[in-house]
There are 2 protein chains.
Amino acid sequence: MSPIHLAIVGVGKIARDQHLPSIAKNPDFKLVAAASRHGTVDGIDNFKSIDEMLEKVPAIQAVSLCMPPQNRYEAAHKALSAGKHVFMEKPPGATLSEVADLEALADAKGLSLFASWHSRYAPAVEAAKAFLDSTIIRSMKVVWKEDVRHWHPNQEWIWQAGGLGVFDPGINALSIVTHILPRPVFITKATLEFPENRDAPIAAGITFTDAHGLDLTAEFDWRQTGKQSWDIVAATDDGEMVLSEGGAKLSIDGVLKHEEPEQEYPMLYKRFAEIVQAGKSDVDLAPLRHVADAFMLGRRKFVDAFYD
Amino acid sequence: MSPIHLAIVGVGKIARDQHLPSIAKNPDFKLVAAASRHGTVDGIDNFKSIDEMLEKVPAIQAVSLCMPPQNRYEAAHKALSAGKHVFMEKPPGATLSEVADLEALADAKGLSLFASWHSRYAPAVEAAKAFLDSTIIRSMKVVWKEDVRHWHPNQEWIWQAGGLGVFDPGINALSIVTHILPRPVFITKATLEFPENRDAPIAAGITFTDAHGLDLTAEFDWRQTGKQSWDIVAATDDGEMVLSEGGAKLSIDGVLKHEEPEQEYPMLYKRFAEIVQAGKSDVDLAPLRHVADAFMLGRRKFVDAFYD
């Protein structure tokens, strides 16, 4: 099969660090154009806007959106309307409703929309899912604590309303949890901690359950200095499962079961090629739906102001 | 066709004012049992819990949930698990995820789940939809302003986190708007006003758009004394449409086009009987999804404390 002619929109840090190397290594894709206000990619056609790019390069078959979520709807809508398959980073939009609209448009046009969750492609996630499917889960605890000053220095947009705050990393945890659990869960209680000078939460504590009464809690915190935690711990009838380092490492009762180098973005592009070739979409809104549910149901609590 | 054997859960004000009279007048239903902690219904079997009722009255085919939203998931899950069709009041749950779970359960069991939006059955709503389908909409403004002290005196649960606050009436407006508009909309901006002593908003200002750039705004306010407003006004190529009194009255350019007595609950039961007989569900989460989106995307603003 000849490679899918791909264009990227947004040539910034994530495009250079992750998208471009993954595309270069994947024979299913041929990068033919890029649109970006500031950046350019050597050796291909570059444009200042997606409109100009779509008009000038009709050979584009698929578009990968590598820009912040705020303007993603418009770009995705333009690309789908022009008959292109679309790959979107997480989170797939600022609202659930706009993503539902894009999904309906892709369906109507027979195009593939990939609303990706990169953490689901962390190395040990499938092994964790297989283990949980083979046992009885008694409880689960998600601890996702990192230092926002280190990971998002001076990024104003993450603190604005709609910027999701600590749910920006937290949604990665939710994308794993919703993938590895055997049944859907839903939130019964949440507390969101907002710095008194910010419009997005810096921490959240969430209680979930499922139809069988599962005891699942999640703690997200952006004030963690020193050791960073991206762990999912489950008490099961076959021992304590620890999925740590953001899904990279799986241990059962302290015995390491699975660890290999991270390959998330190459896996995402592999998946995107698969769904394009199969003529289907991959849009699972569950992680974003839980975030929206947490904001709707959660109690707001005000904590110390945050300054970068 | 013999009538559907129906049971109700929750015998309070809304059951007595709306459900019981509507059921009594509808030959498609025969009320056979009720479960309620405090209330009873004359002439049928009464139980203290849904569990006891489902166990003792196997003839029940469908269950109507007339209680507050907080415990609805559990009751709906029990009824569906026992093989009963379910009718739920608006809002269908405290989270989107729990309703998605119920919908999947109803599907899996081949049962009908009706997540109802009573305002969609207001007398002039269908006429408004037909008018909007026949013209071009230039802009739309929703004004839903009422006096919470009058409509919800001393109801603590509406002010708790998850109680939705002003979105409790506002979701009625959203249920109409999402039904009468020709295309799906999504929120681009929202401001939620929280009384400084409460965990739910007393007012909200929301901006929506759609794929064609529609200009749609909504103002919800619970501090309105005097005249109450439940109006949807649209500027169209065929004049100004005013759908007022919560959907009861339709005027175009000041000329009254449609007005008749309110029959919302009788219509809801008619619809429930239809979907049970057709073997399908009616679960449109769009109104609740917009509320969740507003909480997720919206800026929080603090206003004067509210005391009943």
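Odds and ends about this structure:
- Ascending distances from the A:PRO58 label point to its copies in the other chains, with the point 7 Å along the Cα-to-beta-carbon line: 6.9 nm.
- q = 0.10, 0.11, 0.13 Å⁻¹, segment A:48-182: log10 I(q)/I(0) [Debye, one scatterer per Cα]: -0.44, -0.52, -0.70
- Electrostatic bookkeeping for A:ILE252 treats Lys and Arg as +1 and Asp and Glu as -1; over the other residues with beta carbon under 13 Å from its beta carbon, the sum is -3.
- Relative contact order computed over segment A:219-295 (Cα-Cα under 8 Å; 6+ residues apart), in percent: 13 percent
- Contact order normalised by residue count of segment A:4-115, Cα under 8 Å, 6+ apart, percent: 24 percent
- Antiparallel DSSP beta bridges within chain A, as percent of all bridges there, nearest 5: 50 percent
- Summarising the label geometry, the points placed 7 Å from Cα in the beta-carbon direction at A:ARG149 and B:GLU262 lie 5.6 nm from one another.
- Scattering profile of segment A:201-278 at q = 0.12, 0.15 Å⁻¹ [log10 I(q)/I(0), Debye over alpha-carbon scatterers]: -0.56, -0.82
- Charge sum, other residues only, whose C-beta stays under 14 Å from B:SER134's C-beta, Lys/Arg counted +1 and Asp/Glu -1: -2
- Applying a DSSP loop filter and a limit of 16 other Cβ atoms within 10 Å to the trypsin sites (Lys or Arg not before Pro) in segment B:1-54 leaves B:ARG37, B:LYS48.
- For chain B: relative contact order, % (alpha-carbon pairs under 8 angstrom, 6 or more apart): 20 percent
- Helical segments meeting 15 Å axial Cα length and Kyte-Doolittle -1.0 threshold in chain B (DSSP H): B:96-109, B:167-180, B:264-278, B:286-297
- The Cβ shell under 15 Å around B:LYS25 holds other residues with a net charge of 0, Lys and Arg each +1, Asp and Glu each -1.
- Rg/Rh ratio calculated on Cα atoms of chain B (Kirkwood radius): 0.97
- Rounded to the nearest 5, the antiparallel percentage of DSSP beta bridges internal to the protein assembly as shown is 50%.
- Per-copy distances of the A:VAL255 label point, shortest first, in nm (7 angstrom along Cα→Cβ): 8.3
- Expected-Rg normalisation [2.2 N^0.38 Å, Cα atoms] applied to the protein assembly as shown: 1.01
- Label spacing, shortest first and in nm, from A:GLY226 to its equivalents in the remaining copies (7 angstrom along Cα→Cβ): 6.1
- Over the residues of the protein assembly as shown, the helix contribution to mean residue ellipticity at 222 nm works out to -8500 deg cm²/dmol, using -39500 (n - 2.57) for each DSSP H run of at least 4.
- Inter-centroid distance (Cα atoms) of segment A:226-275 relative to segment A:1-56, Å: 30 Å
- In segment A:4-115, the convex hull through the Cα atoms has an average projected area of 6.2 nm², a quarter of its surface area.
Bear in mind that the values in this text are calculations on the coordinates, not laboratory data. The structure presented is a predicted model; accordingly, all values stated were derived computationally and were not measured. We place every Cβ from the backbone using ideal geometry, glycine too, and count neighbours over all the protein chains shown.
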